[in-house]
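*Asks:* Have a look at this one.
The values are calculated or read from the model by the stated rules, or taken from the named source; none is laboratory data. Nothing here was measured: the structure is a model prediction, and the numbers come from that model. We place every Cβ from the backbone using ideal geometry, glycine too, and count neighbours over all the protein chains shown.
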Amino acid sequence: MERTWRWFGKKDKITLAMLKQIGVEGIVTALHDVPLGEVWTREKIRDLREYIESFGMRWSVVESLPVVETIKYGGPDRDEQIEVYKESLRNLSAEGIHCICYNFMPVLDWARTDLFHKNPNGATNLYFNYAEFAYFDIYILKREGAREEWAQFKFPAGVGEGRNVLAECDELAKTMTPEKDHSWLRTSSSRLRASSAVTSARTIRLPSRSSASSSICIKASTRLSSAPT
């Protein structure tokens with residue numbers, strides 16, 4: 001048994017020194033500074049591995065080595081990107097890292113609406129809010145048919161009985177300004193929309209129509225996540 005922790009790189013407010021102090025032995029992380037679709041070089045991998053090792057821990061798991069959208073929907077550079085992925089895998093192996101995970105999800109990777117949700121005791125955790133995600137889908141991603149699908153959305157059992165996610169989404173739209181509040185999307189929203197157009201809404205299935213399960217992927221994390229709302 002190895003005590004590991006999901007760490008989001010050198011800019012993470014949770015430092016490696018803190019993790020070492022609480023008894024963490026292995027780090028779960030990725031090369032967050034490498035642009036999507038580029039090879040993870042041995043030099044980049046080695047730099048982060050040695051940085052982690054300097055704190056007395058090891059890089060135990062890669063989470064994750066990204067799968068670009070064109071691989072998922074068979075775009076024109078699919079074969080080239082597969083070769084890039086294979087080269088990155090070989091480089092990780094050469095640097096002694098053999099446990100690698102990936103996410104194969106259309107349009108988006110794992111989704112949460114707040115990475116630093118504040119709790120009454122001052123602690124923070126990852127958080128997922130359905131109305132905020134619907135806002136993203138309808139007003140920012142502008143996926144075709146999104147509003148109609150969210151209009152039929154039903155919350156999973158035990159979450160949000162009696163609530164109207166579309167009404168909450170429209171309330172958010174009165175105060176949120178996508179160009180200001182979501183400036184990070186300026187470079188990626190066009191790619192996301194293109195992916196959404198190629199991958200049909202039936203395949204994406206962002207809003208769940210079943211009260212028993214949700215097709216929105218809420219990925220497990222070492223960091224605590226509170227129940228979605």
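*Asks:* Return yes or no: is Leu48 assigned by TED's automatic domain parsing to the domain that holds Phe8, touching a Phe, Trp or Tyr at 6+ places or on another chain (Cβ under 8 Å), within 13 Å of His98 (Cα to Cα) and not β-branched (Val, Ile, Thr)?
*Replies:* Working: assigned by TED's automatic domain parsing to the domain that holds Phe8: yes; touching a Phe, Trp or Tyr at 6+ places or on another chain (Cβ under 8 Å): yes; within 13 Å of His98 (Cα to Cα): no; not β-branched (Val, Ile, Thr): yes.
Judged against the criteria, Leu48 is not a match.
*Asks:* Show the residue pairs meeting these rules: Cβ distance below 7 Å; 6+ apart or different chains; first residue within the stretch 166-181 and among the small types (Gly, Ala, Ser); second residue surrounded by 11 or more Cβ atoms within 10 Å (Cβ to Cβ) and at pLDDT 85 or above.
*Replies:* Sorted first by the residue in the stretch 166-181, then by its partner, the pairs are Ala173/Tyr135; Ala173/Tyr139.
*Asks:* So if I check each of Glu69, Glu63, which one is in contact (Cβ under 8 Å) with a residue 60 or more places away in the chain and either in the same structural domain as Thr124 (by TED's automatic domain parsing) or crowded, with 19+ Cβ neighbours inside 10 Å (or both)? Break it down stepwise before answering.
*Replies:* Numbers: Glu63 fails: in contact (Cβ under 8 Å) with a residue 60 or more places away in the chain.
None of the others qualify; the one that does is Glu69.
*Asks:* Could you check the stretch 56-79 and list, in sequence order, the residues that are aromatic (Phe, Trp, Tyr) and modelled with pLDDT of 95 or more?
*Replies:* Trp59
*Asks:* Right, next: So Glu144 clears everything in (1) over 21 Å from the mean Cα position of the chain (by Cα); (2) among the acidic types (Asp, Glu); (3) closer than 21 Å to Val39 by Cα except one condition, right? Which one?
*Replies:* (3)
*Asks:* Of Ala123, Ala131, which residue is closer than 24 Å to Arg6 by Cα, outside the structural domain of Met57 (by TED's automatic domain parsing) and either modelled with pLDDT of 90 or more or not polar (S, T, N, Q) (or both)? Spell out how you get there, then give the answer.
*Replies:* Numbers: Ala131 fails: closer than 24 Å to Arg6 by Cα.
Only one candidate qualifies: Ala123.
*Asks:* Here's another thing I want to ask about it. Suppose we filter Asp79, Asp33 for residues that are under 19 Å from Lys11 (Cα atoms), in the same structural domain as Ile22 (by TED's automatic domain parsing), free of Cβ contacts under 8 Å to residues at least 60 places away in the same chain and surrounded by fewer than 16 Cβ atoms within 10 Å (Cβ to Cβ); which single one remains?
*Replies:* After applying the criteria, what remains is Asp33.
*Asks:* Give all pairs with beta carbons closer than 9 Å in which a residue from the stretch 1-26 that is farther than 18 Å from Thr124 by Cα meets a residue that is part of a strand (DSSP E or B) and small (Gly, Ala, Ser); count only pairs at least 6 apart in sequence or on separate chains.
*Replies:* From the stretch 1-26, the pairs are Glu2/Gly26; Glu2/Ser60; Arg3/Gly26; Thr4/Gly26; Thr4/Ser60; Glu25/Ser60; Gly26/Ser60.
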